[in-house]
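Report on the following structure.
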Amino acid sequence: MRHLLSISDLTKLEAISILDTATELSRISDGAVKKLPTLRGRTIVNLFAEDSTRTRISFEAAAKRLSADVINFSAKGSSVSKGESLKDTALTLQAMGADAVIIRHGASGAPQRLADSEWMHGSVINAGDGTHEHPSQALLDAFTMRKHLGKGSSDLAGIRVAIVGDVLHSRVARSNVLLLTLLGASVTLVAPPTLLPVGVTSWPVTISYDLDSVIANVDVVMMLRVQQERMTDLFFPNAREYSRYFGLNTERLKLMAPNAIVMHPGPMNRGLEIAAEVADSARSVIVEQVANGVSVRMAILYVLLAGHPLEAGAN
Ligand code: NCD
């Protein structure tokens, strides 16, 4: 495996070996010495042409814990905002000897374009492209589910997940549908019809427009951010209506199964898709998703750049 562009690049075994590697690496992160020498002397570039907090710093922390040199490159304040093309940016990164580029871009397919080109020779990792995919987020979500739902080091067979909200604009939803179904979970998408993509009926999911009828029967409720910045149309009447039908509030939280968990990739619109009390409740694993993100991204870098998974007990 050279690149990570889409979850569809992964076999089930490869996905599980990334999760297992992350489990091993998280043990190291919990210890006194957090750093491994694995990627000493390698250069990793964080190329972010769209805003990000969690994903960017998470990849940076992951690369540093593996002793790589990290160059942070954000579009704002760089020549990208002067209109420099992806090609010229890539040629610059190649000239600097980048072994891997972690790219977030507003255009769906930009990471693929970079990987297919002759412009640079390193690994390309998709950190979110347009409304297309966000594979590292799906892997950290699966890792978090595995940890919480007592699935140890196996797949997610039998786990029921509801993904709720703005599926239309969500690369997190697309990558999660692919990964969760690959790992044997069953997925229900819950959204107003206006926020479901064309062609969703061919996805391997169940579709519902009624959160109350789904919420008691799932192990995971994954809320999605309403992505106002990508909305060019009116997709729902107003915020209050949206929250009433598709928001996770304290009344709905009470309907959830005893061990079910609440997830959200962040950033949250507190009060819109999720009530503040729910986000901060004992059911919520939202902060833990962020912490797990570092171990999972270490695992992705490890597998791509060291060229093999980390065996249990190897360190
Ligand atoms: C997501 C993204 O950027 O796609 N956030 C993230 O990476 N944690 C989801 C979002 O922006 O709503």
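The values are calculated or read from the model by the stated rules, or taken from the named source; none is laboratory data. Model, not experiment: these values are computed from the prediction. Because the Cβ atoms are built from the backbone with ideal geometry, glycine has one as well, and the counts that use them run over all protein chains shown. Please note that ligands, DNA and RNA were not included when accessible areas were found on the heavy atoms of the full protein model with its side chains. Shrake-Rupley method; radii C 1.70, N 1.55, O 1.52, S 1.80 Å.
Taking the condition more than 16 Å from the ligand (Cβ to nearest atom), free of Cβ contacts under 8 Å to residues at least 24 places away in the same chain and either in contact with a helix residue (DSSP H, G or I) (Cβ under 6 Å, 6 or more places away or on another chain) or assigned by TED's automatic domain parsing to the domain that holds residue 125 (or both), does residue 30 pass? It would help to see each step written out before you state the result.
Working: more than 16 Å from the ligand (Cβ to nearest atom): yes; free of Cβ contacts under 8 Å to residues at least 24 places away in the same chain: yes; either in contact with a helix residue (DSSP H, G or I) (Cβ under 6 Å, 6 or more places away or on another chain) or assigned by TED's automatic domain parsing to the domain that holds residue 125 (or both): yes.
Yes: the conditions hold for residue 30.
Could you list, in sequence order, all residues of the range 267-309 that are within 21 Å of the chain's Cα centre (by Cα), farther than 22 Å from residue 53 by Cβ and of a type in the set (A, V, I, L, M, F, W, C)?
303, 304, 305
If you go through the range 273-312, how many residues are crowded, with 18+ Cβ neighbours inside 10 Å, in contact (Cβ under 8 Å) with a residue 40 or more places away in the chain and in a loop (DSSP other than H, G, I, E, B)?
Qualifying residue count for the region: 4.
Could you give every pair whose Cβ atoms fall below 9 Å, whose first residue belongs to the range 90-113 and is closer than 18 Å to residue 300 by Cβ, and whose second residue is open to solvent by less than 10 Å² (accessible area, probe 1.4 Å) and aromatic (Phe, Trp, Tyr), counting only separations of at least 6 or pairs across chains?
Listed by first residue and then by second, the contacts come to 102/48; 102/59; 103/48; 104/48; 105/48.
Here's the yes/no breakdown for (1) more than 19 Å from residue 269 (Cβ to Cβ); (2) open to solvent by less than 60 Å² (accessible area, probe 1.4 Å):
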{"residue": "220", "(1), (2)": "yes, yes"}
{"residue": "224", "(1), (2)": "no, yes"}
{"residue": "228", "(1), (2)": "no, no"}
{"residue": "236", "(1), (2)": "no, yes"}
{"residue": "239", "(1), (2)": "no, yes"}
{"residue": "245", "(1), (2)": "no, no"}
{"residue": "248", "(1), (2)": "no, yes"}
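What is the number of the single condition among (1) outside any loop (DSSP other than H, G, I, E, B); (2) under 22 Å from residue 171 (Cβ atoms); (3) β-branched (Val, Ile, Thr); (4) more than 16 Å from the ligand (Cβ to nearest atom) that residue 215 does not meet?
(2)
Residues 95, 49, 75: which one is away from the ligand (no atom under 16 Å from the Cβ), small (Gly, Ala, Ser) and in the same structural domain as residue 114 (by TED's automatic domain parsing)?
Working: 49 fails: away from the ligand (no atom under 16 Å from the Cβ); 75 fails: away from the ligand (no atom under 16 Å from the Cβ).
The unique qualifying residue is 95.
Looking at 141, 116, which is the one that is of a type in the set (D, E, K, R) and surrounded by fewer than 16 Cβ atoms within 10 Å (Cβ to Cβ)? So that I can check it myself, show each step before the final result.
Values: 141 fails: surrounded by fewer than 16 Cβ atoms within 10 Å (Cβ to Cβ).
Selected residue: 116, the only one of 141, 116 that is of a type in the set (D, E, K, R) and surrounded by fewer than 16 Cβ atoms within 10 Å (Cβ to Cβ).
Looking only at residues that are out of contact with any Ser or Thr (no Cβ under 8 Å at 6 or more places or on another chain) and without any contact (Cβ under 8 Å) to a residue 60 or more places away in the chain in the range 182-196, which one is surrounded by the fewest Cβ atoms within 10 Å (Cβ to Cβ)?
Among them, the one singled out is 193.
Is it true that residue 115 is more than 13 Å from the ligand (Cβ to nearest atom), of a type in the set (A, V, I, L, M, F, W, C) and in a helix (DSSP H, G or I)? Spell out the reasoning first.
Working: more than 13 Å from the ligand (Cβ to nearest atom): yes; of a type in the set (A, V, I, L, M, F, W, C): yes; in a helix (DSSP H, G or I): yes.
When the stated conditions are applied, residue 115 passes them.
Determine if the range 161-181 includes at least one residue that is open to solvent by 60 Å² or more (accessible area, probe 1.4 Å), more than 16 Å from the ligand (Cβ to nearest atom), more than 27 Å from residue 53 (Cα to Cα) and assigned by TED's automatic domain parsing to the domain that holds residue 141. I'd like the intermediate steps shown before the answer.
Let us first name the residues in the range 161-181 that are open to solvent by 60 Å² or more (accessible area, probe 1.4 Å), namely 178.
Pick out the ones that are also more than 16 Å from the ligand (Cβ to nearest atom) and you get none.
Scanning the range 161-181, I find no residue that is open to solvent by 60 Å² or more (accessible area, probe 1.4 Å), more than 16 Å from the ligand (Cβ to nearest atom), more than 27 Å from residue 53 (Cα to Cα) and assigned by TED's automatic domain parsing to the domain that holds residue 141, so the answer is no.
Is there a residue being touching a helix residue (DSSP H, G or I) at 6+ places or on another chain (Cβ under 9 Å), among the basic types (Lys, Arg) and within 16 Å of the ligand (Cβ to nearest atom) anywhere in the range 235-255?
Looking for residues that are touching a helix residue (DSSP H, G or I) at 6+ places or on another chain (Cβ under 9 Å), among the basic types (Lys, Arg) and within 16 Å of the ligand (Cβ to nearest atom), one finds none in the range 235-255, hence no.
Picking from 131, 144, which residue would you name as being part of a loop (DSSP other than H, G, I, E, B), within 16 Å of the ligand (Cβ to nearest atom) and in contact (Cβ under 8 Å) with a residue 60 or more places away in the chain?
Working: 144 fails: part of a loop (DSSP other than H, G, I, E, B).
Exactly one residue qualifies, and that residue is 131.
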